[in-house]
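One structure is given here, and the rest of the page talks about it.
The values are calculated or read from the model by the stated rules, or taken from the named source; none is laboratory data. Model, not experiment: these values are computed from the prediction. Glycine also receives a Cβ, built like all others from the backbone with ideal geometry; neighbour counts cover every protein chain displayed.
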Amino acid sequence: MKFRTEIEIATLAEGIDHSKKVFALGSCFAESISERLAKAKFSVTTNPFGVLFNPCSIANAIERLDDTRTFAVCDIRAGRDAFFSFDAHSSLDGTTQTEAFANLNRAVAQGSKALHDAEWVILTFGTAWVYEHEGRVVANCHKQPAKEFERRRLSVKEIVERYDALFEGVLRDKKVILTVSPVRHIGDGLQENSVSKATLRLAVEELVAKYENAHYFPSYEILIDDLRDYRYYADDLAHPSKMAVDYVWERFCKYALTDKAQKLLPQIEQIVSAAEHRPFNPEGEAHKAFCRKMLTKVEALPEIDFSLEKSLFERYL
């Protein structure tokens, strides 16, 4: 007897291993997966401008990073409590204009290098609903008065045409994984959220059909159709629970990682967990022996960057 409709996902012909650099942009779900990639010792850079929810703002970020186009003073606005840019998340705000200016342009410098160096790019679309300020889509409203914005939904055609330029330009030589975030945007209303996700899904389908270097990972369908139960959501009933993210991560590993990279995951997890462990008696011989054992395991995996863990183990010897 079957109780689930598990999704069959064909693996990538050429997967990601630890020698490849990954660049990820998009919603908070993209950050969840990126955090796990980073903990598994993959080289990954995520959201230099903070969380981005809509495809237009993600495209704006890619274009700015591709051109290494810095922010000007006129791009920075004064809010009630901070200085900000409509093209970035509030995590880059500053208490002064100078601080915000420095935060934003540091993100441009670091993100531009990461984008250009990356072989793999992961883009996660969260919503097709956008807010426009003075005719331009913003990445974040920064709690400014609602009357200053016009809300509308992007069309499939609009998204595809915007990404045509990117796939024929900066993304031409990248391998791109497109996903639709399973996070439910309840604030939009359930009906409007459904139309939004359908718009994103159709746009992604067109892009994947059009470009050989574009691939789709069905994180949205895994949560909506495979897991399909409120127990897989957090208390807000919008975000996936830890259990759900764990499951999506497992499916992503089988889909995107090479066989060798997958086989290394348990060893990497053991070393990382050991480094995070707080010893009962750090000066004891037992812990020193444990650290020497871990250092031997580190040395056996020279292709993985364990510099942090190595320094922690060596500190006790």
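Brief remarks follow.
- Residue ID - nearest to the chain's Cα centre (by Cα), chosen from residues in the stretch 267-284 that are loosely packed, with under 13 Cβ neighbours inside 10 Å and charged (D, E, K, R): E276
- Condition check for E206: in a loop (DSSP other than H, G, I, E, B), outside the structural domain of S311 (by TED's automatic domain parsing) and not hydrophobic (A, V, I, L, M, F, W, C): no
- Some residue of the stretch 186-198 being at pLDDT 95 or above, buried (at least 17 other Cβ atoms within 10 Å of the Cβ) and assigned to a helix (DSSP H, G or I): yes
- Listed conditions (1) in contact with an Asp or Glu (Cβ under 9 Å, 6 or more places away or on another chain); (2) part of a helix (DSSP H, G or I); (3) among the hydroxyl-bearing types (S, T, Y) are all met by T5, apart from (2).
- Among the residues of the stretch 1-56, the one identified as of a type in the set (S, T, N, Q) and without any contact (Cβ under 8 Å) to a residue 24 or more places away in the chain is T46.
- When A300 is tested against the conditions (1) outside the structural domain of V121 (by TED's automatic domain parsing); (2) out of contact with any Lys or Arg (no Cβ under 8 Å at 6 or more places or on another chain); (3) more than 22 Å from K20 (Cβ to Cβ), the lone failure is (3).
- With respect to the conditions (1) assigned by TED's automatic domain parsing to the domain that holds H185; (2) over 30 Å from E8 (Cα atoms), F313 lacks only one, and its number is (1).
- Considering residues of the stretch 270-291 that are part of a helix (DSSP H, G or I) and touching a helix residue (DSSP H, G or I) at 6+ places or on another chain (Cβ under 8 Å) only, the residue nearest to K41 (Cα to Cα): V272
- Being modelled with pLDDT of 95 or more, assigned to a helix (DSSP H, G or I) and under 17 Å from the mean Cα position of the chain (by Cα) is true of E250.
- Candidate set from the stretch 151-171 (those that are within 20 Å of the chain's Cα centre (by Cα) and not in a helix (DSSP H, G or I)); member that is surrounded by the fewest Cβ atoms within 10 Å (Cβ to Cβ): V170
- Screening L257 on (1) farther than 30 Å from I177 by Cα; (2) surrounded by 11 or more Cβ atoms within 10 Å (Cβ to Cβ) shows it passes everything except condition (1).
- Some residue of the stretch 57-74 being within 25 Å of K242 (Cβ to Cβ), in the same structural domain as G169 (by TED's automatic domain parsing), surrounded by 17 or more Cβ atoms within 10 Å (Cβ to Cβ) and hydrophobic (A, V, I, L, M, F, W, C): no
- Among the residues of the stretch 25-47, the ones that are in contact with a Phe, Trp or Tyr (Cβ under 9 Å, 6 or more places away or on another chain) and closer than 13 Å to G111 by Cβ come to 4 in all.
- Members of the stretch 135-150 that are assigned to a loop (DSSP other than H, G, I, E, B) and either out of contact with any strand residue (DSSP E or B) (no Cβ under 6 Å at 6 or more places or on another chain) or polar (S, T, N, Q) (or both): G135, A139, N140, K143, Q144, P145
- Residue selected from the stretch 13-34 under the condition at pLDDT 95 or above and not in a loop (DSSP other than H, G, I, E, B), by the criterion surrounded by the fewest Cβ atoms within 10 Å (Cβ to Cβ): K21
- Test: residue in the stretch 44-62 that is over 25 Å from I268 (Cβ atoms), modelled with pLDDT of 90 or more, assigned to a loop (DSSP other than H, G, I, E, B) and more than 20 Å from the chain's Cα centre (by Cα): no
- Condition check for E132: outside any strand (DSSP E or B), assigned by TED's automatic domain parsing to the domain that holds S85 and not aliphatic (A, V, I, L, M): no
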